[in-house]
1. Going by what's in this entry, would GLU300 be described as more than 23 Å from VAL160 (Cα to Cα), of a type in the set (D, E, K, R) and assigned to a loop (DSSP other than H, G, I, E, B)?
2. Among the residues in region 61-79, are any open to solvent by 10 Å² or more (accessible area, probe 1.4 Å), touching a Lys or Arg at 6+ places or on another chain (Cβ under 7 Å) and at negative phi?
3. Would you please name the residue that is farthest from ASP198 (Cα to Cα), looking only at residues in region 281-303 that are under 24 Å from the mean Cα position of the chain (by Cα) and open to solvent by 80 Å² or more (accessible area, probe 1.4 Å)?
4. Considering only residues that are surrounded by 16 or more Cβ atoms within 10 Å (Cβ to Cβ), free of Cβ contacts under 8 Å to residues at least 24 places away in the same chain and not polar (S, T, N, Q), which ones fall in region 90-120?
5. Within the set of pairs 6+ apart or on separate chains, which have a first residue in region 57-84 that is in contact (Cβ under 8 Å) with a residue 40 or more places away in the chain, a second that is basic (Lys, Arg), and C-beta atoms under 7 Å apart?
6. Looking only at region 139-152, decide whether some residue is among the polar types (S, T, N, Q), under 27 Å from PHE309 (Cβ atoms) and either part of a helix (DSSP H, G or I) or open to solvent by 60 Å² or more (accessible area, probe 1.4 Å) (or both).
7. Which number in (1) surrounded by 15 or more Cβ atoms within 10 Å (Cβ to Cβ); (2) modelled with pLDDT of 95 or more; (3) under 29 Å from ASP198 (Cα atoms) marks the one condition that SER10 misses?
8. If the Cβ limit is 7 Å and pairs must be 6+ apart or interchain, which residue in region 257-269 that is touching a residue at least 40 places away in the same chain (Cβ under 8 Å) pairs with which residue that is among the polar types (S, T, N, Q)?
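The values are calculated or read from the model by the stated rules, or taken from the named source; none is laboratory data. What you see is a predicted model; the values in this text were computed from it and never measured. Every residue, glycine among them, receives a Cβ derived from its backbone with ideal geometry; neighbour counts consider all protein chains shown. When the accessible area is computed, the model is the full protein with side chains, heavy atoms only, and any ligands, DNA or RNA have been set aside. Shrake-Rupley method; radii C 1.70, N 1.55, O 1.52, S 1.80 Å.
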Amino acid sequence: MEFTTEYFGSLVEQALENIDYPTTAPKLFDPIKYTLSGGGKRLRPSLLLAAFSALSHKNPQEAMNQALGIEMFHNFTLLHDDVMDKADIRRGRPTVHRRWNENAAILSGDAMLTMSCQLIACCAGDKLQDLLSIFNTTAMEVYEGQQLDMEFERRNDVAVSEYLEMIRLKTSVLLACSCAIGALMAGAGRDVVKAFYDYGINLGLAFQLRDDWLDTYGDPAIFGKEIGGDIVNRKKTWLLINGLSEAGEELGGIISENLDDRELIAQVVRVYDRLNLGERCCLLAERFSKTAIDALENVELNHNAREFFIQLALKAANRSH
């Protein structure tokens, strides 16, 4: 069996297209279809299917319901995030609340959350209790992470440890949950489930730190959008938090000035460069990537499966888009 993100992603795409939606209230489900057809990396369901396939050597379709449940939940969070952020564009298209309205976005998001729970529980057999336990715990943690992220917008004293905990909750735990559910569906023991969970946590931390770096230092032609958006929006990233900690008076003065976007970005980046924050951020992402790889060291995997997880972790810390 092929072990690539492209392979598992293609299985997920086909399964998403084949979802049989109720016909009673089509306007409830149209925004859901629209959201799920918007593309994306399909990283979370691919991780789930990869973990399941690596440990069970069975057809990944046997864990497809759970993979779809994870992807449905992830997109539900994005849909509601867009409402809270008043975002106009998601993946190059109008957000649901812009194409329809806020009421439609909220209600269809609610339906996505319920559908995700139904999918996680579908055909779970004796694994039902464990699946629902980790899924519900993860969902609550994601909400906590979103709340912290919103609170950080109003603070200039966010500590690095607080930031890492926020991204663990908002980003990493769902990747970890995906890996763990794949392992649970394969019938793995608790030690193996925990190893895959730890892999997902560290993969997510590496992924988000690299994302912080890319928004400031990436190549716009490859990254797919103009760089510096986090700086313009004064978003609390690892770079800005460390910059404020180490050069608070200078950097705080810069971001409080009424500068045009290009000058603001240029001045902030000069501070980052002087503090060597770009390189330090990359090194930390690479450290989490290595920790992810080490988490699976004692798990019995064939060569192709192990290489899949190794290369995915390395890419998380070194990707260009």
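1. Yes, satisfied.
2. Taking every residue of region 61-79 in turn, at least one turns out to be open to solvent by 10 Å² or more (accessible area, probe 1.4 Å), touching a Lys or Arg at 6+ places or on another chain (Cβ under 7 Å) and at negative phi.
3. Per the criteria, the residue is LEU283.
4. HIS97, ARG98
5. That search, which allows pairs on different chains as well, returns ILE70/ARG44; GLU71/ARG42; GLU71/ARG44; HIS74/ARG44; LEU78/ARG90.
6. no
7. (1)
8. Every condition considered, the pairs that remain are VAL269/THR216.
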